[in-house]
Structure formats: C-alpha cells, structure tokens
Amino acid sequence: MPNKGDHAILVIEDNPGDFALVEEFLLEQIEAPVISHAIDYKAARDILLAPNASFDIILLDLSLPDKTGLPLIQEIVEMSLNTPVIVLTGYADLTFGVKSLSLGVSDYILKDELTALSLYKSIVYSSERKRIILALETSEKRARSFAKQLNDALEEERARIAREIHDEFGQQLSGLKMSLSSLKKNPGVCSDVEPIIETIVSEVNTSIQSLRQIANELRPVLIDKLGLFAAIEWLVSEFERKTGIPSRIYVDIDQPVIDKIIEINIFRICQEALTNITKHAEATMVNIRIENKNGELLIRIIDNGKGIKPTLLHNQLSMGLLNMKERANLIGAELNISSPAEKGTIIELIVTINGKENLNSRRSLSNQDRG
C-alpha cells in the first residue's frame, strides 16, 4: 500500500527506460507523488532555477548528454540549495561514491540494486537527515549570534572598565602623587619624613604604571588611536619584555582599513596565542608575520617550542584553542593550528578583507623586522 504524503520529486534522467522504472517505483511506494522530469543538465537547470521551484527530493543520473560525473554533482547540489540529492548510477565505483557524498549528495544508489522499497527508504532517510541538518544549522546560527552579542557586550564592558581604571583610579593616584610632592616641599615637614614621602611617591608611580598596564590589557588604547597593527606590535613588545623570549615581527606596509569588531577579535586571537606560548611552549624564539595578500589578511605566529601533541591539538575542551577558534568563527576567518613533528607551533589566521586603503598615516611604529 502506497505511503501517504505529498512528495515533489525531480528526476534527472536521460534514459526513458530508467525513468519509467523509477516512476513506477515511486508510484508503488508513494500515494500521490508530483514527479517532474528533466532529460539533461540544461533542462534540470531551467527547472531548478525557475521562480518558486520547490522539490522534496532530487534523483540524479550521473551520465547526462551535456554534463557528467563530479561537475554535474557540484552544479546540481549547488542549485538544489536545501533539497536532498540522491544519485542513481550504473557505475559501481566506491571511491567515486564516497567522493560524491563529500560534495553534499545525500545517498548513492546503484541502479542494478534499485528496488521500490530501497528507493523509498533512501528518500525518507535523506529527507529526515536533511531536516535534522537544517535544524542543527539553524541552532548553530542562533548560538553563534548569541556568542557574537555576548562577545560584543564583553568587549564593551572591558572598554568601560578600562576607561574607569584609567580615568578614575589613574586620576586619583595622580592627585595623590601631586599632594605628596606638595607635602614634601612644605617647609614644616621634618627631614626624617621626606624619605617616607619619596617611598610612597615611588609606590604611587608603580601603581599608576600597573593600572595603565591593566587598562591596556583590558582594551589597548592603541587599537582605538593607531589601529590594529600598531596594537599587535605593542602586544609583541610587551610579550618580549615580560617573558624575555626574543620576538621578531614583520608587518606589511600595505594594510587595509578593518572593522573595529574584527580588529579587536584579531587582537584577542594574537593575545591568546602569545599567552599560550608563555604558558606551554617553552620556546626560545617567536616570529610574527602579518601580510596583505589578494584581499586576505594573513597572520602567522610561529614559535620553536616543544609543540602541541595531536591529542591536545584536537581537544575540543582546550579553552585557549577553543577561544581562538570561536573568535575566528565570529569574524568569518579561517584559523589553522599545526605542530609539525611536535617541534614548535604554527598558528595561521586568514581574514577576508575589503578595500586596500593604506594606514601608514595612522601608524607610528616600525614595519620592519626587529629582534
């Protein structure tokens, strides 16, 4: 007894006999299928690109008069959008079948093994699999949207706290320093007290420097004043000063204007990478290279440390690596982390950018290698 439910099915098949057989199998298992037929790639393209075209499933023969094989699969899958594509073929090539599945095909069935039940099962399973995938993609998009909003709110809060630290605490400490200096100059102050005042002034100066450091780590003022590339140079300089690890940085002269949200995420990824090197790498040299190549910003951070074990490299619970990957996803960037033979680590960030406006007028630090 045919299964109830409407099914809009596009069969792309040039062989009349094979089409008749597929049509018979569909009518045997589905109560009222709406079957459309295309005899070649051009006809299929016209049907799929027509306004309001909508199908529940696409059955695709791989040998059409005007297109065959992988190019045919790629084109049909691209045009099908979210419609499952099931390949029907007479060629028993397992390698080709696996390759076609990697291109987005839902199933790969040999015509010699085709039955009404196997075809119906494939249609049902493919449709349900596609529904689950779309639901997961929707859920993932919502999660990423929430993560972006959370990340933006976090950066805004960091910026606010940094301003509060710099403006409020910084000014209070500067006022205290001025008061102590005035007290020291007061003729009524005993000479025995002057060394104590000088010590307190020195400690206040240290506190001011610490506050500035904390504020800069929360939200580097260089990002807002001089842009991303100067901020990264400052970050590398601070890394070298704190760790004593010789660090060389090259920044391409031709740099684009980048959205502020993208800038801060790139900066945080670089910051996290250098933090990981400090904690785990045991490196004696770090090289950072930033280049603008064909509309892509390429950032490579290389150290000569002990590297990362493969088990840790793919550990989804590694917060440092996860944080970098999530930030890369937020800005649509590609992040590649490798550790060849566990000898050092290479972190490569590729960011697609628009425009090539030169930022030389905004930058005050050197673009040349420094060691």
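Data table
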| read-out | value |
| --- | --- |
| Hull-based mean projected area of the stretch 230-273, where the convex hull spans the alpha carbons, in square nanometres | 3.4 nm² |
| Alpha-carbon centroid distance for the pair the stretch 91-130 / the stretch 18-74, whole angstrom | 14 Å |
| Tilt relative to the chain, helix 116-164 - C-alpha long axis, 0 to 90 degrees, to 10 | 10 degrees |
| Three-way shape call for the chain based on the alpha-carbon gyration tensor, with the a/c threshold at 1.5 | prolate |
| Evaluated at q = 0.10, 0.18, 0.19 Å⁻¹: base-10 log I(q)/I(0), Debye formula over Cα of the stretch 100-221 | -0.61, -0.98, -1.02 |
| In nm, spacing of pseudo-spin labels at residue 40 and residue 101 (7 Å Cα→C-beta vector) | 3.3 nm |
| Folded to 0 to 90 degrees: helix 194-218 orientation relative to the chain principal axis, Cα | 10 degrees |
| Relative contact order, percent, the stretch 36-136 [alpha-carbon distance under 8 Å, six or more residues apart] | 25 percent |
| Accessible area of the stretch 1-128 divided out per residue, in Å², using a probe of 1.4 angstrom | 52 Å² |
| For the stretch 2-118, share of DSSP beta bridges that run antiparallel, in % to the nearest 5 | 5 percent |
| Helix-only CD estimate at 222 nm, as mean residue ellipticity for the chain, using -39500 (n - 2.57) per DSSP H run (n ≥ 4) | -16500 deg cm²/dmol |
| Relative contact order (%) - the stretch 80-194, alpha-carbon pairs under 8 angstrom, separation at least six | 20 percent |
| Shape call, the stretch 1-127: gyration tensor on alpha carbons, a/c limit 1.5 | rounded |
| Dipole magnitude (debye, nearest 20) for the stretch 1-82, charges at Cβ of Lys, Arg, Asp, Glu | 220 debye |
| Inter-label distance, nm, simple model (7 Å from Cα along the C-beta direction), residue 346/residue 329 | 2.5 nm |
| Sparsely packed GluC sites (Glu not before Pro) within the stretch 212-292, loop by DSSP, other Cβ within 10 Å at most 13 | 282 |
| Spatial separation of Cα centroids for the stretch 232-291 and the stretch 133-147, in angstrom | 31 Å |
| Computed label-point distance, nm, for sites residue 32 and residue 143 using a 7 Å Cα→Cβ extension | 4.0 nm |
| Gained length - residue 167 relative to residue 111, 0.36 nm times residue gap less alpha-carbon distance | 12.7 nm |
| Chymotrypsin sites (Phe, Trp or Tyr not before Pro) within the stretch 53-119: DSSP coil, no more than 15 neighbouring Cβ in 10 Å | 91 |
| With at most 12 neighbouring Cβ atoms within 10 Å, loop trypsin sites (Lys or Arg not before Pro) (DSSP) excluded, longest segment of the chain | 1-342 |
| Value of relative contact order over the chain, rounded to a whole percent, pairs C-alpha under 8 Å and six or more apart | 11 percent |
| At q = 0.20 Å⁻¹, base-10 log of I(q)/I(0) for the stretch 194-262 (Debye sum, equal scatterers on each alpha carbon) | -0.93 |
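The values are calculated or read from the model by the stated rules, or taken from the named source; none is laboratory data. Please read these numbers as outputs of a predicted model, since none were measured by experiment. Using ideal geometry, Cβ is built from the backbone for each residue, glycine included, and neighbour counts are taken over all protein chains shown. The protein model used for the area step is the full one, side chains on, heavy atoms only, and it has no ligands, DNA or RNA in it. Shrake-Rupley method; radii C 1.70, N 1.55, O 1.52, S 1.80 Å.
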